[in-house]
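*Asks:* Below you will find the structure I want to go over with you.
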Amino acid sequence: VLGTLPPASAQNVVKLGIVAEITGGGAPVGATWRDGVNLAVEDINKKGGILGRRVETFLLDTQSDPPTSVAVMRRAINENPFAILGTVYSSSTVANMEIARQAGIPQITGSESILIVQKGNPNIFLTSFTQQIGFAKLVRWLAEDLKADKVALVYVNNAFGRGGREMFLKFLKDRGKTVVADISTEPQQADFTPELTRVRASGATHLMVYSHEEENARLMIQLRKLGLSVEPVGDNLCAQTAIDPGGEAMNGVKCHVPMTAASPVPSMADMGRRFQEKYGRVPDHNGFKAYIGTHMVKAAVERVGAFDQAKVRDCLHNNLFTAAEEPGLLMDVYVDEKGDSDRASFIVEVQNRQTKVIKVVGMLGGPYTKRACR
């Protein structure tokens, strides 16, 4: 529980539940998500809370397991939070989001799978764009900037990976292209030698890597040891939680990313610096998504002018929220009717185990309209 305001009665407190992958294979991701939420709550409370009410959090661990996340979500609902922040793994979010919907408690997720918004759940909101927006930007960069012609795809066989594969192949097809190799892997896989052997045999010039951060790091270490001459590309492939365990093997990787501590946006760079000072590590996109998602709740509540969950859900649909209105959003963000987000993003390259921004990519759509919610 975080907060710097004076002690308050229960009616002067707003409670947010953090449901995340604190142990298991997703622990680095979940810990960064947790810390991003808590940093946001600390900042919000320093500025007077939300509509004068202090924000408090509680934390529950999914153990990086989708079935466990369902039971954990039920426990979170029993705590009667105003909103729930999590989960991050898409397979878990697909499994547990109906529980939050039935309870009428807005769910702010770090997941990105297109499968989530395809469910038609009016209660789920993404802190970053789904693969439908992210991969449209990524494939455009891959085709137009990198001139990639022979592309192999290695993806993780779960909701996250399958959703990404679907969108990646769709946007390639729209440009008259197909992959030269389409290879699935398993969550928490350790040895990628057979898959990388297939990549080499395919004659690919570029390799799109789309798995979880720990697996990305292991794959890249093995790719370098095997001496493959492909150019690795991705999105969360360049996450700091992949760079740290991947070490020197990550240098030279290029990605399209939704947010980064290396951002030229001053507010994002400042948040990344303060996160590192507080927690002793550079935040990846999950830390930024958590921080922004917490401020999305604040921005919607304040635009509604009340702690009304139904009105907040409505306010978060088909609406533009600006950093000028709520600085904690870091960048302007538009949320569509399905809870998907659109905002600016970045092309980065890993150099000396750090990401360097080489291009800023604007919103995919727009111009968008700011809508009143009272």
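*Asks:* Condition first: touching a residue at least 40 places away in the same chain (Cβ under 8 Å) and on the phi > 0 side of the Ramachandran plot. Can you find one or more residues in region 91-107 that meet it?
*Replies:* yes
*Asks:* Taking the options D270, D244, D235, name whichever one is of a type in the set (D, E, K, R) and free of Cβ contacts under 8 Å to residues at least 12 places away in the same chain. Spell out how you get there, then give the answer.
*Replies:* Details: D244 fails: free of Cβ contacts under 8 Å to residues at least 12 places away in the same chain; D235 fails: free of Cβ contacts under 8 Å to residues at least 12 places away in the same chain.
Only one candidate passes the filter, namely D270.
*Asks:* Filter region 100-114 down to the residues that are open to solvent by less than 30 Å² (accessible area, probe 1.4 Å) and not hydroxyl-bearing (S, T, Y) and list them by number.
*Replies:* Of all residues in region 100-114, those open to solvent by less than 30 Å² (accessible area, probe 1.4 Å) come to 100, 104-114.
A100, G104, I105, P106, Q107, I108, G110, E112, I114 - these are the residues of region 100-114 that are open to solvent by less than 30 Å² (accessible area, probe 1.4 Å) and not hydroxyl-bearing (S, T, Y).
*Asks:* Of these, T294, T322, T355, which one is touching a strand residue (DSSP E or B) at 6+ places or on another chain (Cβ under 6 Å) and among the polar types (S, T, N, Q)? Outline the logic, then answer.
*Replies:* On the way: T294 fails: touching a strand residue (DSSP E or B) at 6+ places or on another chain (Cβ under 6 Å); T322 fails: touching a strand residue (DSSP E or B) at 6+ places or on another chain (Cβ under 6 Å).
On inspection, the qualifying residue turns out to be T355.
*Asks:* Can I ask one more? Here's a check for you: in region 168-186, which residue that is in contact with a Ser or Thr (Cβ under 8 Å, 6 or more places away or on another chain) and open to solvent by less than 30 Å² (accessible area, probe 1.4 Å) is farthest from R198 (Cα to Cα)?
*Replies:* Of the residues in region 168-186, the ones in contact with a Ser or Thr (Cβ under 8 Å, 6 or more places away or on another chain) are 169, 172, 180-181, 185.
Cutting the leftovers down to open to solvent by less than 30 Å² (accessible area, probe 1.4 Å) gives us 172, 181, 185.
Details: L172: 20, A181: 8, T185: 12 Å.
Restricting to residues being in contact with a Ser or Thr (Cβ under 8 Å, 6 or more places away or on another chain) and open to solvent by less than 30 Å² (accessible area, probe 1.4 Å), the top hit is L172.
*Asks:* Being open to solvent by less than 20 Å² (accessible area, probe 1.4 Å), among the β-branched types (V, I, T), more than 30 Å from V304 (Cα to Cα) and within 18 Å of the chain's Cα centre (by Cα) is the filter here; which residues of region 332-360 pass it? So that I can check it myself, show each step before the final result.
*Replies:* To start, the set of residues in region 332-360 that are open to solvent by less than 20 Å² (accessible area, probe 1.4 Å) comprises 333, 335, 339-343, 345-348, 350.
Retained after the next criterion (residues that are among the β-branched types (V, I, T)): 333, 335, 347-348, 350.
So of that shortlist, the ones also more than 30 Å from V304 (Cα to Cα) come out as 347-348, 350.
Within region 332-360, I347, V348 meet the criteria.
*Asks:* Then there's this: Condition first: hydrophobic (A, V, I, L, M, F, W, C), assigned to a helix (DSSP H, G or I) and buried (at least 16 other Cβ atoms within 10 Å of the Cβ). Now tell me which residues in region 308-322 satisfy that. First the steps, then the outcome.
*Replies:* Let us first name the residues in region 308-322 that are hydrophobic (A, V, I, L, M, F, W, C), namely 310, 312, 315-316, 320-321.
Imposing the further condition that a residue be assigned to a helix (DSSP H, G or I) reduces the set to 310, 312, 315.
If the condition is that a residue be hydrophobic (A, V, I, L, M, F, W, C), assigned to a helix (DSSP H, G or I) and buried (at least 16 other Cβ atoms within 10 Å of the Cβ), then V312, C315 are the ones that fit.
*Asks:* Could I ask something else about it? Starting from region 161-184, keep only residues that are farther than 19 Å from S90 by Cα, then list their pairs with residues that are at pLDDT below 95 and surrounded by fewer than 16 Cβ atoms within 10 Å (Cβ to Cβ) whose Cβ atoms are within a distance under 8 Å, requiring at least 6 positions of separation or different chains.
*Replies:* K177/D149
*Asks:* Within region 23-62, can you find the residues that are surrounded by fewer than 20 Cβ atoms within 10 Å (Cβ to Cβ) and assigned to a loop (DSSP other than H, G, I, E, B)?
*Replies:* Hits for region 23-62 are T23, G24, G25, K47, G48, L51, G52.
*Asks:* Has region 262-282 got at least one residue that is assigned to a loop (DSSP other than H, G, I, E, B), within 15 Å of the chain's Cα centre (by Cα) and crowded, with 23+ Cβ neighbours inside 10 Å? Outline the logic, then answer.
*Replies:* First, the residues of region 262-282 that are assigned to a loop (DSSP other than H, G, I, E, B): 262-265, 280-282.
From what's left, within 15 Å of the chain's Cα centre (by Cα): none.
No, region 262-282 has no match at all.
*Asks:* Something else: May I ask you to verify whether V72 is out of contact with any Gly (no Cβ under 7 Å at 6 or more places or on another chain), over 28 Å from V333 (Cα atoms) and of a type in the set (V, I, T)?
*Replies:* Details: out of contact with any Gly (no Cβ under 7 Å at 6 or more places or on another chain): yes; over 28 Å from V333 (Cα atoms): yes; of a type in the set (V, I, T): yes.
For V72, the condition - out of contact with any Gly (no Cβ under 7 Å at 6 or more places or on another chain), over 28 Å from V333 (Cα atoms) and of a type in the set (V, I, T) - is met.
*Asks:* Restricting attention to region 71-87, and to residues there that are outside any loop (DSSP other than H, G, I, E, B) and buried (at least 24 other Cβ atoms within 10 Å of the Cβ), which single residue is farthest from the chain's Cα centre (by Cα)? Let's see the steps before the verdict.
*Replies:* Taking region 71-87 as the starting set, the residues that turn out to be outside any loop (DSSP other than H, G, I, E, B) are 71-78, 83-85.
Subsequent filtering for residues that are buried (at least 24 other Cβ atoms within 10 Å of the Cβ) retains 73, 76, 83-85.
Working: M73: 19, A76: 21, A83: 18, I84: 15, L85: 12 Å.
My answer is A76.
*Asks:* Something else about it: Determine if region 54-61 includes at least one residue that is at pLDDT 95 or above and farther than 20 Å from V297 by Cβ.
*Replies:* Here is the first cut: in region 54-61, the residues at pLDDT 95 or above are 54-61.
Subset that is farther than 20 Å from V297 by Cβ: 61.
Yes - at least one qualifying residue is present in region 54-61.
*Asks:* Go through region 210-237 and count every residue that is touching a strand residue (DSSP E or B) at 6+ places or on another chain (Cβ under 7 Å) and of a type in the set (V, I, T).
*Replies:* 2
*Asks:* Let me ask something else. Quick test of your reading of the structure: R198 fulfils all but one of (1) open to solvent by less than 30 Å² (accessible area, probe 1.4 Å); (2) under 20 Å from R162 (Cα atoms). Name the failing condition by number.
*Replies:* (1)
*Asks:* Please work out which one of (1) within 19 Å of H285 (Cβ to Cβ); (2) touching a strand residue (DSSP E or B) at 6+ places or on another chain (Cβ under 8 Å); (3) open to solvent by 10 Å² or more (accessible area, probe 1.4 Å) is the condition N158 fails and give its number.
*Replies:* Against the list (1) within 19 Å of H285 (Cβ to Cβ); (2) touching a strand residue (DSSP E or B) at 6+ places or on another chain (Cβ under 8 Å); (3) open to solvent by 10 Å² or more (accessible area, probe 1.4 Å), N158 comes up short only on (2).
*Asks:* Next question, about the same structure. I'm checking my understanding of the structure. Among residues of region 224-249 that are hydrophobic (A, V, I, L, M, F, W, C) and over 20 Å from the mean Cα position of the chain (by Cα), which one is surrounded by the most Cβ atoms within 10 Å (Cβ to Cβ)?
*Replies:* Step one: filter region 224-249 for residues hydrophobic (A, V, I, L, M, F, W, C), giving 226, 228, 230, 233, 237-239, 242-243, 249.
Next, only the ones that are over 20 Å from the mean Cα position of the chain (by Cα) stay: 226, 228, 230, 249.
Working: L226: 13, L228: 17, V230: 20, A249: 22.
Looking at residues that are hydrophobic (A, V, I, L, M, F, W, C) and over 20 Å from the mean Cα position of the chain (by Cα), I get A249.
Residue by residue, here is whether (1) at pLDDT 95 or above; (2) over 17 Å from R343 (Cα atoms); (3) of a type in the set (K, R) holds:
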position: P122; (1), (2), (3): yes, yes, no
position: F129; (1), (2), (3): no, no, no
position: L138; (1), (2), (3): yes, no, no
position: L142; (1), (2), (3): yes, yes, no
position: V151; (1), (2), (3): yes, yes, no
position: F168; (1), (2), (3): yes, yes, no
position: D174; (1), (2), (3): yes, yes, no
position: K177; (1), (2), (3): yes, yes, yes
position: D182; (1), (2), (3): yes, yes, no
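*Asks:* List the number of the failed condition for K289; all other conditions in (1) touching a residue at least 24 places away in the same chain (Cβ under 8 Å); (2) of a type in the set (D, E, K, R); (3) surrounded by fewer than 22 Cβ atoms within 10 Å (Cβ to Cβ); (4) assigned to a helix (DSSP H, G or I) hold.
*Replies:* Looking at each condition in turn, K289 falls short on (3).
The values are calculated or read from the model by the stated rules, or taken from the named source; none is laboratory data. Being a predicted model, the structure only gives us computed values, none of them experimental. Cβ: placed from backbone, ideal geometry, glycine included. Neighbour counts: every protein chain shown. These area figures cover heavy atoms from the full protein model, side chains too; ligands, DNA and RNA do not enter into them. Shrake-Rupley method; radii C 1.70, N 1.55, O 1.52, S 1.80 Å.
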